[in-house]
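Encoded as structure tokens, the structure appears first; notes follow it.
The values are calculated or read from the model by the stated rules, or taken from the named source; none is laboratory data. Values in this document were obtained by computation on a predicted structure and should not be read as measured data. With ideal geometry, Cβ positions are generated from the backbone for all residues, glycine too; neighbour counts draw on all protein chains shown. For the accessible areas, the whole protein counts, side chains as well, though only heavy atoms, and no ligand, DNA or RNA atoms are used. Shrake-Rupley method; radii C 1.70, N 1.55, O 1.52, S 1.80 Å.
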Amino acid sequence: MSAERSQRSAVVFGARNLGRAVIELLTAEGWRVVGVARSQPTLDGVAASGAVALEGDITEAASVRQVLEHAAAVHGRVDLVVNAAAPFGGDRSGPFGGGRLSEATAEAFEPWAAAPARAAFTFLSTSSAFLLEQGGPATVIQVTGGSARRAMPGRGLWAAGSFGVRALTNAAALELREHGIHVALLIVDAGIEPIDGAAPGQPTEALADPRALADAVRFLAEQGARSTTHELQVTPLAERWVP
């Protein structure tokens, strides 16, 4: 491993499952990592991985900015920012995904459709401003689910939120590309196997492996300027794939 490679710095928002796998992989390969979460047990896991654990909230611009500034102060600069948090508002009671539109309530729109897009906006807008001020190349990765690819009956509200995440990420990619900042959307079109070994509740082969997804994040982070990927869709081979 080169000295330059070992000095790279990353910030990972959302460190409970996929984010934890990303943190473990990057720290094992010599990256200097800041892991961000809201709960103390998750922060304890970040610290146990050898990363700097910071409490933060992806839905608050001031919190995102504070985390990025802290990471830059501690590690010199920020080369990679990953949003693996899953910010749904409210208690998400009622039908999963919001329910059929003919029966969905106005109260269901906020947690399923508005909250994910709003959080992605906060993450992308704040990270974009910070990285432009910092200057130099960097990578931003926003994670979302398969609903960003197509709507499903009974889950229109969920898809609306995911479509919003996708649109915002695509816009950021177009806006920052000329500044040498690579923005990518990682679409995980499956449930993710719990990294803590808990029973997943469905066949493991139908779930995405969080450590394999971490490899995908590393792949996106290490692409050169002449071969950037702005969207990467991942699905288990056992899962039915719908283009």
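Annotations
- Counting all C-alpha pairs of region 119-243, share separated by more than 24 Å (%): 33
- Euclidean distance of C-alpha centroids, region 31-47 and region 76-143, integer Å: 19
- Where only DSSP H runs of four or more residues are counted, the chain gives -12500 deg cm²/dmol as its mean residue ellipticity at 222 nm, each run worth -39500 (n - 2.57).
- Comparing 93, 125, 63 in a Gaussian network model of the chain where C-alpha atoms under 10 Å apart are linked, the largest mean-square fluctuation is found at 93.
- Value of relative contact order over the chain, rounded to a whole percent, pairs C-alpha under 8 Å and six or more apart: 18
- Surface/4 of the Cα convex hull for the chain, nm²: 13.3
- Diffusion coefficient (Stokes-Einstein, Kirkwood radius over C-alpha pairs, 4 °C, 1.567 mPa s) for region 115-171: 107 µm²/s, rounded to a whole number.
- Calculated FRET efficiency for the pair residue 47/residue 69, C-beta based, R₀ 25 Å, to 0.05: 0.80
- Computed from Cα atoms, the angle from the helix 61-75 axis to the main principal axis of the chain rounds to 30 degrees.
- Excluding ligands, DNA and RNA, the accessible surface per residue across the chain is 48 Å² with a 1.4 Å probe.
- Rounded percent of accessible protein surface that carbon and sulfur make up, region 75-172, 1.4 Å probe: 60
- For 181, 192, the ranking by accessible surface with the largest value first comes to 192, 181, using a 1.4 Å probe.
- Filtered GluC sites (Glu not before Pro), region 12-106: DSSP coil and at most 11 other beta carbons within 10 Å: 103
- Here the dipole of region 13-161 is about 420 debye; that uses its Cα centre as origin and unit charges on the Cβ of Lys and Arg (positive) and Asp and Glu (negative).
- Space enclosed by the convex hull of the alpha-carbon atoms of region 77-172, per residue, Å³: 91
- Pairwise Cα distances in region 67-125 exceed 18 Å for 50 percent of all pairs.
- Volume per residue of the convex hull around the Cα atoms, evaluated for region 1-121, comes out as 108 Å³.
- For region 24-63, taking Cα atoms only, Rg and Dmax work out to 10.6, 30 Å respectively.
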